[in-house]
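Computed from the coordinates by the stated procedures, all read-outs in this text should not be read as laboratory data. Worth saying up front: this structure is predicted, and the values here are computed from it rather than measured. Here the Cβ positions follow ideal geometry from the backbone for every residue, glycine too, while neighbour counts run over all protein chains shown.
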C-alpha cells in the first residue's frame, strides 16, 4: 500500500472535511461520542485496572467509529452499533495495538520517574514541598523528564494513529500496521504539524465557553482521522454517495470551481470508494472492488477469478485460503 505525501494545507483541510462529515449527522455523532466517554468514565472507576483495560480496547472502539464514517460516506446512517462493530470482525489485532501502546506508555512513565527522581515524583503525586536549595535540581529534572516524555510519546502516537484503520479496512497485521502508520505520519510531518496546532487552538476555544465547544470538537477529531487516512493512503477526498442516484457523489472539499475543473482529469484516475454494488463507473475507467480488502481498483488492472476481482495476487490467495478454511 502506497503512502502519499500531501500538501501542508491538507492538515487544515482534514479538520474542515471532518467537520463537514460531523454536520451530516450531528446528533448521532454527539450520542456516539457521549457513549464512548461514558464507557471510559465507568471503566476509570475501577482503580488502575479500568484504565489499563480501556487503553487495550480503545483501538477497537476507534475502528468501529471509522467504520461508521465509511458507512456515512456510502449513504448509510451512523448509530451506536458502530461503536461495537469492530468487536465482531477482528478484535484481536486491534487489542494487540492497544497492548503495544499500553506497554509503551508504561515504559515511558518508568523512564520519566527514573530521570525525574523520587523528589519530583513525591512533589507531583503527593504535593510534597521541596527545600529552596533543592528546587533548582528538581526543576531541572522535571524539564528533562518532560522533554523525554514528549520525545517518546510522539513516535508512539504516530505509530498508533492510523494502525486501527489499516487493520479494519485492509486486514494488515498489527505490527506492520503500526509501522505503516508511523512512516505515514513521518512523511507528512508538516501537514500534521498544522493539524496539531489547529486542534490545540480549537481545543482552547472549545474549553472557554464551559467546555461546550467540545461537543463539536471531539466528533470532528474522529472524523478528521478518517479524512486524513483517505488522503494519505487512498489519495481520495471525502466523497458521499447520493441516495437518489446510485453513482452520484458529492465532494466535501472547499475548493473553487476553477480549481476543480482543472483537476477533473486527474480526479477520474483516482480510486473512489465503492458502494454496495460490485463496481462503479468513473468518467474514463471502470472500477471494481477487491473481494479481500474492499479497495477499488481499475478493472483492467484487477485480477479476476470467476466473478470476483482482486487488487493483487496475494489477496487472491488470501481470499482462497479463507474460503477453503471456512468450508
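Based on alpha-carbon centroids, what's the gap between the stretch 166-185 and the stretch 10-70 in Å, whole number please?
Each part's Cα centre sits 19 Å from the other's.
Sort 303-309, 161-167, 18-24 by packing, meaning the average of other beta carbons within 10 Å per residue, with the highest value first.
Highest-to-lowest ranking by the protection proxy: 161-167, 18-24, 303-309.
Sort 221-232, 291-302 by packing, meaning the average of other beta carbons within 10 Å per residue, with the highest value first.
Numbers: 221-232: 23.3, 291-302: 17.2.
The most tightly packed comes first, giving 221-232, 291-302.
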